[in-house]
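Worksheet: one structure, shown below.
What follows draws every value from the coordinates through simple rules; no lab data is involved. The structure displayed is predicted, hence computed values, not measured ones. Here the Cβ positions follow ideal geometry from the backbone for every residue, glycine too, while neighbour counts run over all protein chains shown.
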Amino acid sequence: MTETKQPELIQRVGYRPSNTRSNQKVLPLWQQALGAVLLITTAALWFLFTAKSVVITFAPDAEVISIEGGIHLKLGRVFLMREGTYTITASAKDYKPMQQSLMVSSAANQSAEYSFVPTPGILELTELPPNASISIDDTVVELSYDGTAKFGVEAGTRQLQITHPNYLPRSLTIDVQGKGVVQRVAVALAPAWADVRLSSEPIDAEIWIDDRNTGQKTPASVEIMQGERRIRLQKTGFKAFEQRILAIAGEPQEIDAGTLIRADAQLRVSSTPSNAALTVNGVYLGQTPLQVDLKSKITQTVQLVYPGYAPATRSLTLKSGETRDLPLQLTRMLGEVRIETRPKDAQVSVNGRLINPGQRNLQLPIEPQQISITMPGYAGFDTVLNPRVGLVQELKVQLLTLEEARLAALVPIISNTQGHTLRLFNADTVAMGASRREPGRRANETMRLADFDRLFYLAEREVTNAQFRAFASGHDSGDFQDQDLNEDDQPVVNVSWDEAASYCNWLSGQEDLTPFYDIEFGKVIGTSPSATGYRLPSEAEWAWAARRQASSDVGRTLSKQLKFPWGEALPPPERFANYADRAAGNLVGRTIFGYNDNHGVSAPVGTFAANSHGLHDMGGNVAEWVHDHYEIPKQTNVTDHLGPPKGEYRVIKGASWMHGTITELRLSFRDYGIEGRDDLGFRIARYAE
């Protein structure tokens, strides 16, 4: 019997890799050092042969110089530098530090010259009258002084202006040395008055200038401001002496009233309040307090008028030689004002005085009244009311919450300097994408909800060729198979996404708005989402404005959402919008059977009726760039979404005059690209706040 040999069992053993380092040959240390020296030498020779010679000079010489932006080698005033942009920082004593950009070109030998600006100097102005106004280059200098003013001024030729109501203005040109040097300048002003000496017989007559009592009596020398002035000398028991003079600054005058004539009768009128207009027998004589000469033994009608007060009228007869005082208390006129507020417990104040909540029927003076209504959590209300005698005025105010007031303050429609009209939208929610069962659906039309917290403006029309050429004068939208695309009122096309974004930034600059896009060398490298400058609409904003139908409430919507711009099924109504129609049959591959809009290529913007939001061409004419980077989105709800932070392409929304299939005509259709094309334009948007 033959013995059967048992097979050997395969045993598991631990794996240990071989020591590869032991198999490697290590270069000797001297060879490594020689290699490093050769590498450094090669790099140095490469730099020397490719660097440019740049002579940098400063006026005056710089004490400290630093250069950032690349490798450079200093050889005295000469710097060896590679092509590129560098930042030069330099400083010198008594001069402002300098930081300049230097562009090194491909030229072998180049030069750059820089001049330092001296640090400010100090002006010390002497012989100034109190309260004079000081201006440097039309900028008022705010400071207090006592005869001498001392302040810093930038170096250079400066225009100094000194003004004062009682002095003639003075203007000086001063070369400010700067560098902290103190320059003392005497700026004595010439008086703007004339010294006029007044005398009368008898003496002690009051001196009045332009109905203002100077407080002086004859004989006296009075400073009278230049110009035509009315002088009156009056003394009880004598007729007033009046004379008009022309006062010339710096030229003294002397006026002798001579012997004053005894008055037949005099009336001294005063009032509370003062400065009431005084008429006698209908002739205006001046403002109270006032002394007037009247004929005796004749009935005189005296009347005082003051705004907000009832006129005061008196009839009187004066005896010969009589001087009478007539003080009058004017009666304030009142009008009734009834105030009603919602909420009822809102606080009401009149001219800063809080009104008792139970006293909302007010009797107010017949003069402008400042009414303020406030309540915590609500926007305040302010108005000026003019009560009327015999007329009951009602003021009914419903305060808005802070949120309501914020929305109310926004302008619903704005027009900018380039002819764009934009509408304000307070959007709610839009369902983006399409169901998998929807005919024509593409894989990138993911269903998702988009909400909005921020209000935004959207342009009524697409940007035209004329509007875009205001930014890029040489732009040509071209033609398509000999059909012109370049008329001023046609939508601009053959514009890349970056060019459209650049137009938005340019438009922001025209109106001093913060740019939305960060652009370098014509390419968008970032955004400022908080900015209110112009931008392209987001895909969500575009979808909401195109798919949601407006209700009667401003900016809000009904639940219904559109599949096509016109409704739920093909074909579109006749001449509804500009699509691939019979007129384009010889230009494009597929058209809408039997449809005609009379335009083979793009139509002038706004040719067709607007949608329920007042927006034209949202579903036709040209397709439109939107802000978002392109991606196949997830089924995730978003709010104020601006798309993914990065991507190679940008989203395109809407059908164009080239489109006629069910896929392209649907509002959920999404295309993408980065360069312009014959049927692709854009419209502008911006955040409201």
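Overview of values
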| item | result |
| --- | --- |
| Centroid-to-centroid separation of the stretch 401-447 and the stretch 581-598 [C-alpha atoms, Å] | 30 |
| Extension gain (nm, one decimal) between Thr401 and Ala220, 0.36 nm per residue minus Cα-Cα | 58.5 nm |
| 5 angstrom amide H check on Gln398, placed H, neighbours 5+ away | Arg342 |
| About the Cα centre, charge dipole magnitude for the stretch 334-404 (Lys/Arg +1, Asp/Glu -1 at Cβ), debye | 200 |
| Derived scalar couplings ³J(HN,Hα) [the stretch 175-182; Karplus, 6.51 cos²θ - 1.76 cosθ + 1.60; whole Hz; x for Gly, Pro] | 8, 7, 6, x, 6, x, 6, 8 |
| Anisotropy class of the chain from Cα gyration tensor, a/c 1.5 cut | oblate |
| Value at 222 nm in deg cm²/dmol, rounded to 500, when DSSP H runs of n ≥ 4 in the chain each add -39,500 (n - 2.57) | -3000 deg cm²/dmol |
| Spatial extent of the stretch 386-542: Rg and Dmax, with the Cα atoms as the point set, Å | 21.8, 78 |
| Acute angle (nearest 10 degrees) that the helix 29-50 long axis makes with the longest principal axis of the chain, alpha-carbon atoms | 50 |
| Cβ-derived FRET efficiency at R0 30 Å, Arg436 paired with Arg575, nearest 0.05 | 0.35 |
| Mean separation of Cα contacts under 8 Å, 6 or more apart, over the residue count of the chain: relative contact order % | 7 |
| Förster-model FRET efficiency, 45 Å R0, Val140 and Glu242, C-beta, rounded to 0.05 | 0.65 |
| Where a label projected 7 Å from the Cα of Ser199 along Cα→Cβ would reach, residues of the stretch 244-267 with amide N under 15 Å | 253-260 |
| For Leu326, residues with placed amide H under 5 Å, excluding near neighbours | Arg268, Val269, Ser270 |
| Ordering of 529-536, 303-310 by packing [mean C-beta count within 10 Å, highest first] | 529-536, 303-310 |
| Estimated FRET transfer efficiency (Ser415, Ser133; beta-carbon r; R0 30 Å; 0.05) | 0.15 |
| Amide proton proximity set for Gly335, modelled H, under 5 Å, gap of 5+ | Leu364, Ile366 |
| ³J(HN,Hα), Karplus 6.51/-1.76/1.60, whole Hz, each residue of the stretch 440-454, x for Gly, Pro | x, 5, 9, 5, 8, 9, 5, 6, 6, 9, 10, 10, 9, 9, 8 |
| Cα gyration tensor shape for the stretch 413-687, rounded if a/c is under 1.5, else prolate or oblate | rounded |
| Global geometry of the stretch 24-117, whether rounded, prolate or oblate, following the gyration tensor of its Cα atoms and the 1.5 cut on a/c | prolate |
| Cβ crowding within 10 Å averaged over residues, with 427-433, 157-163, 28-34, 133-139 ranked highest first | 427-433, 157-163, 133-139, 28-34 |
| Residues in the stretch 172-202 reached by a label modelled at Glu63 [backbone nitrogen below 20 Å; 7 Å Cα→Cβ] | 177-182 |
| Added length on full extension, which subtracts the Cα-Cα distance from 0.36 nm per residue, Glu251 to Asp512 | 88.7 nm |
| Relative packing of peptides 343-350, 648-655 - highest average C-beta neighbours within 10 Å first | 648-655, 343-350 |
| For the stretch 326-361 versus the stretch 114-179, the gap between their alpha-carbon centres in whole angstrom | 50 |
| Selection from Ile371, Thr50, Ala36 lying farthest towards where the dipole of the chain points positive, charges on Cβ | Ile371 |
